[in-house]
Amino acid sequence: MSLNQVPSGHAAVIREIHAGEHLLQRMVALGLRRGRKVFVIRRANYHGPLHVRVGMTELMIRRTDADSVEVAVDP
Amino acid sequence: MKRVAIVGMPNTGKSTFFNRLTGSNARVANWPGITVDIQVAKIPLDGGTAEIVDLPGIYSLHGSSDDEMVVCRFLEREPVNLCVVLLHAAQLDRQLTLALQLKALKLPMLVLLNMADEAETLGVRIDIAKLSAALGSPVRLISAKYGEGFDVARQSIESLVDEHPVAARAAIPSHSAGTACLGCSACTTDALSNGNGRVDALDRELDRIFRSAVNAPESLPEHLTARLDRVLLHPWFGLPLFFTTVFLLFELVYRIGLPMQDWMAWALDRLKLDLLAPALAPAPALLRSFLLEGVYDGLGTVLSFLPIIVIFFVVMAVVEDSGYLARAAFLMDALMAKLGLDGRAFVIQLMGYGCNVPAILGTRVMRSRAMRLLTMLIVPFSLCSARLQVFVFLVGAIFTAWAAPIVLFSLYVASFAVAILTALIWQKRYTSREPMLLELPPYRLPTPAHLLRQAWHVSEHFMRRASGFIVGGVVAIWVLTHFPTGVPAAGPETLAGRLALLLSPIFKPIGIGPLLSITLLFGFVAKEIVIGALAVIYGSGQAHLAGVLAKNLDWAQAYSFMLFTLIYTPCLSTVAAVRQESGSLRFTLFAIGWSLALAWFTSFLFYQGIRVLA
Ligand SMILES: Nc1nc2c(ncn2[C@@H]2O[C@H](COP(=O)(O)OP(=O)(O)OP(=O)(O)O)[C@@H](O)[C@H]2O)c(=O)[nH]1
Ligand SMILES: [Mg+2]
């Protein structure tokens, strides 16, 4: 399951990130990394980006980029 | 000389700290990627002088956007006595990575945990001693914005510089060894192959340090930012709310600024009539004309816009510091994607409404060259504050008080429309696939002191421009319209008149008369000169100029002139910035050519359309 499939208002734990070097670096720098819990706050309309919180940081991520983040639903 | 570099992730308050430390006026905003170039200031430190260097924010030492490369190049080449690492105290769970990467460069380091105020409200507690031991360098908790802990931080800088009198260059480990490398192109390919592995090693260390030294609440209390976001980022109302806010801010600037401009114009006119004119009465006529109708009228008309410009930039500073810009990027990203751009491009374009030049430099945060170029192509259509002055002036002269704000607003709409049209047409040539990941910082408010400094800074900048090339432009216009002597000023026999004749085949079809076309030539240098030039050409003081203009221009001609002014090149500085940032003369010429053509056709369609209809 990818981060993009997590419904708004729900959380998930990152299992793996399948992204190229540049995107991976950026994700890690913003706190998206293996084992972290991500909370999906909302999605923008018209296929706009996701608004997520990871740790103490809130960020936006495009749906296509969220697709490369593999997650497991938080138990 | 001693050198101290300030390094940290974007939006952690590096420039705020730099300003407090050096008394400078580096740009500050609640938006990651405001500083994109090296800023240097000298301060007395420890009996000598030290150079303090504010750097762009970097996400990691492996970054590869142009603003991050600026930092990498600096660290590679320049020896420093101390590296001040600024981290957001409430976001150590991710920002410590950068401190660990920098530690591997083996430079003398001081870690400052900034935004102590926000960390406290969020209930984050930090064991400074433990963190300091883990990082192997002193750590201080500060608030750069409110000053808490600043004196201690300053003393630490002083004593650390004292301890390291010889500046050292970063020790860059060989690429394969791995924990630290600067974002040089050589390493990116390497790093790719073992990407996840290397990240994990640093991760474990980070988690260990974070768990032992930081106590952060598991879940945050519902804070103000979350509540505001529920309204401002609402799926349906978010965008309309954003545009309403922008409109209201524009109204605010206009309603407060306009009366102030009138008073200023009135005062400058009185000064001329009651004081200067009598004082200069004995001087020869030509000299009198030069001083009063050339320099004074031209410059005075420009100066009358000082209040509106100051108000404009103060409002802009509030918006930039609020964090709403990052929300604008979120709301607009889907629409911008249809234009081959992203939410950041929208915010950069918005910043262009203040001044195009920093907006062009701001494209450095984009890694994809194609997207950078496409953004640089649309930024010059942002109706910057200099063009706003021309429009406020003409709109006030030609249209009724009731219609004026609507006309002005229509020009903002036109500015958006041409930008969208340009992106739509050219997005196929500049296609990119750049990931879009952006921090949404909490909402913040600027301090009154910051706004005052901003107002002062804007005034100073405005006066410097006015006393420099704006005077030059105004004088040149006066010479063109008054020589050769013996013929009516600004008439067809003057230099200006003859030049205008040459231009008339181009400008006549779009309803722009001979003298106005001359001002457009000068407007290529800077738009403020257009106002000064109008004042000189119509040869009357500020208070009367409006009346003179109204007699010589009908509304369709005036609007066509404004459309052309809006769309053709913004100013020489913007052209220079495009040239520098694109690194391509061809692209620069293309950008100029495209905007000139678009300006002409838009004005042509408008003017001839009105003629046909009327
Ligand atoms: N609450 C709080 N806000 C701060 C503090 N220091 C800076 N800020 C705010 O943080 C935002 C970013 O500040 P900047 O100084 O522009 O940050 P920067 O690190 O230079 O950012 P870039 O140039 O983009 O890398 C601004 O809105 C500041 O007002 C602080 O100590 N407390
Ligand atoms: Mg900065």
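The values are calculated or read from the model by the stated rules, or taken from the named source; none is laboratory data. Since the structure is predicted, the reported quantities are computational estimates derived from the model, not experimental observations. Note: ideal-geometry Cβ built from the backbone for every residue, glycine included; neighbour counts use all protein chains shown.
Might you check whether a residue that is at pLDDT below 90 and under 18 Å from residue A:60 (Cα atoms) occurs anywhere in region B:367-379?
yes
Based on what the data block shows, is residue A:71 surrounded by 18 or more Cβ atoms within 10 Å (Cβ to Cβ), free of Cβ contacts under 8 Å to residues at least 40 places away in the same chain and within 11 Å of the chain's Cα centre (by Cα)?
When the stated conditions are applied, residue A:71 does not pass them.
Residue check: is residue B:5 on the phi < 0 side of the Ramachandran plot and either within 14 Å of another protein chain (Cβ to nearest Cβ) or touching a residue at least 40 places away in the same chain (Cβ under 8 Å) (or both)?
In short, yes.
Taking the stated definitions as given, is residue B:33 touching a helix residue (DSSP H, G or I) at 6+ places or on another chain (Cβ under 9 Å) and within 22 Å of residue B:458 (Cα to Cα)?
In short, yes.
Within region B:1-16, can you find the residues that are of a type in the set (Val, Ile, Thr), within 10 Å of ligand 2 (Cβ to nearest atom) and out of contact with any Lys or Arg (no Cβ under 8 Å at 6 or more places or on another chain)?
If the condition is that a residue be of a type in the set (Val, Ile, Thr), within 10 Å of ligand 2 (Cβ to nearest atom) and out of contact with any Lys or Arg (no Cβ under 8 Å at 6 or more places or on another chain), then B:12 is the only one that fits.
Name the one entry in B:396, B:362 that is surrounded by fewer than 21 Cβ atoms within 10 Å (Cβ to Cβ) and in the same structural domain as residue B:563 (by TED's automatic domain parsing).
B:396
Need the failing condition index for residue B:87 against (1) more than 11 Å from ligand 2 (Cβ to nearest atom); (2) at pLDDT 95 or above; (3) in contact with a Cys (Cβ under 9 Å, 6 or more places away or on another chain), just the number.
In the conditions (1) more than 11 Å from ligand 2 (Cβ to nearest atom); (2) at pLDDT 95 or above; (3) in contact with a Cys (Cβ under 9 Å, 6 or more places away or on another chain), residue B:87 misses (3) alone.
Within region B:221-241, count every residue that is part of a helix (DSSP H, G or I) and not basic (Lys, Arg).
Of the residues in that region, 11 qualify.
Taking residue B:371 as the residue in question, decide whether it is within 16 Å of ligand 1 (Cβ to nearest atom) and part of a helix (DSSP H, G or I).
So residue B:371 does not fit the description; no.
Could you list, in sequence order, the residues of region B:225-248 that are hydrophobic (A, V, I, L, M, F, W, C), surrounded by 17 or more Cβ atoms within 10 Å (Cβ to Cβ) and at the interface with another protein chain (Cβ under 8 Å from one of its Cβ atoms)?
Once the filter is applied, which keeps residues that are hydrophobic (A, V, I, L, M, F, W, C), surrounded by 17 or more Cβ atoms within 10 Å (Cβ to Cβ) and at the interface with another protein chain (Cβ under 8 Å from one of its Cβ atoms), region B:225-248 yields only B:233.
Looking only at region B:17-33, count how many residues are within 8 Å of ligand 2 (Cβ to nearest atom) and out of contact with any Asp or Glu (no Cβ under 8 Å at 6 or more places or on another chain).
So the answer is 1.
Has region B:348-356 got any residue that is within 16 Å of ligand 1 (Cβ to nearest atom) and touching a Ser or Thr at 6+ places or on another chain (Cβ under 7 Å)?
Yes, that holds for at least one residue.
I want to confirm something. Restricting to region B:440-462 and keeping residues that are within 14 Å of chain A (Cβ to nearest Cβ) and out of contact with any Phe, Trp or Tyr (no Cβ under 9 Å at 6 or more places or on another chain), which single residue is surrounded by the fewest Cβ atoms within 10 Å (Cβ to Cβ)?
Among those residues, the one meeting the criterion is B:444.
Applying the selection to region B:34-52, what residues are assigned to a strand (DSSP E or B), within 13 Å of ligand 2 (Cβ to nearest atom) and among the hydroxyl-bearing types (Ser, Thr, Tyr)?
none
Looking at region A:14-67, which of the residues that are of a type in the set (Asp, Glu) and not in a loop (DSSP other than H, G, I, E, B) is farthest from the other protein chains (Cβ to nearest Cβ)?
This residue is A:16.
Could you list, ordered by first residue, the pairs with Cβ atoms under 9 Å in which the first is in region B:26-40 and at positive phi and the second is near ligand 1 (Cβ under 6 Å from one of its atoms), at least 6 apart or interchain?
B:33/B:10; B:33/B:11; B:33/B:56; B:33/B:57
Suppose we filter B:390, B:407 for residues that are away from every other protein chain (no Cβ under 14 Å), buried (at least 20 other Cβ atoms within 10 Å of the Cβ) and either at pLDDT 90 or above or under 26 Å from residue B:344 (Cα atoms) (or both); which single one remains?
B:390
Looking only at region B:94-124, which residues are charged (D, E, K, R), surrounded by fewer than 22 Cβ atoms within 10 Å (Cβ to Cβ) and either within 13 Å of another protein chain (Cβ to nearest Cβ) or assigned to a helix (DSSP H, G or I) (or both)?
Within region B:94-124, B:103, B:117, B:118, B:120 meet the criteria.
Does residue B:55 satisfy being within 16 Å of ligand 2 (Cβ to nearest atom) and either within 30 Å of residue A:20 (Cβ to Cβ) or of a type outside the set (D, E, K, R) (or both)?
It is true that residue B:55 is within 16 Å of ligand 2 (Cβ to nearest atom) and either within 30 Å of residue A:20 (Cβ to Cβ) or of a type outside the set (D, E, K, R) (or both).
Suppose we filter region B:58-83 for residues that are farther than 20 Å from residue A:24 by Cα and more than 13 Å from ligand 2 (Cβ to nearest atom); how many remain?
Number of matching residues: 11.
For the structure I just gave you, tell me whether residue B:78 is touching a residue at least 60 places away in the same chain (Cβ under 8 Å), among the charged types (D, E, K, R) and more than 10 Å from ligand 1 (Cβ to nearest atom).
yes
Given the residues B:287, B:271, B:228, B:275, which is the only one that is more than 25 Å from the chain's Cα centre (by Cα), aliphatic (A, V, I, L, M), farther than 22 Å from residue B:530 by Cβ and not assigned by TED's automatic domain parsing to the domain that holds residue B:416?
B:228
Select from region B:1-45 the residues that are of a type in the set (Gly, Ala, Ser) and within 17 Å of the chain's Cα centre (by Cα) and write down the one among them that is surrounded by the most Cβ atoms within 10 Å (Cβ to Cβ).
Applying the filter and picking the extreme gives B:15.
Does region B:313-337 hold any residues that are touching a Leu at 6+ places or on another chain (Cβ under 8 Å) and either within 16 Å of ligand 2 (Cβ to nearest atom) or more than 20 Å from residue B:229 (Cβ to Cβ) (or both), and which are they?
Within region B:313-337, B:314, B:315, B:317, B:321, B:323, B:325, B:326 meet the criteria.
So which residues in region B:4-60 are β-branched (Val, Ile, Thr), in contact with a Gly (Cβ under 9 Å, 6 or more places away or on another chain) and near ligand 1 (Cβ under 7 Å from one of its atoms)?
Within region B:4-60, B:12, B:28, B:34, B:35 qualify.
When you scan region B:341-361, how many residues do you find that are more than 14 Å from chain A (Cβ to nearest Cβ) and not polar (S, T, N, Q)?
12
Pick from region B:503-517 the residues that are assigned to a loop (DSSP other than H, G, I, E, B) and not β-branched (Val, Ile, Thr): which of them is farthest from residue B:293 (Cα to Cα)?
B:511
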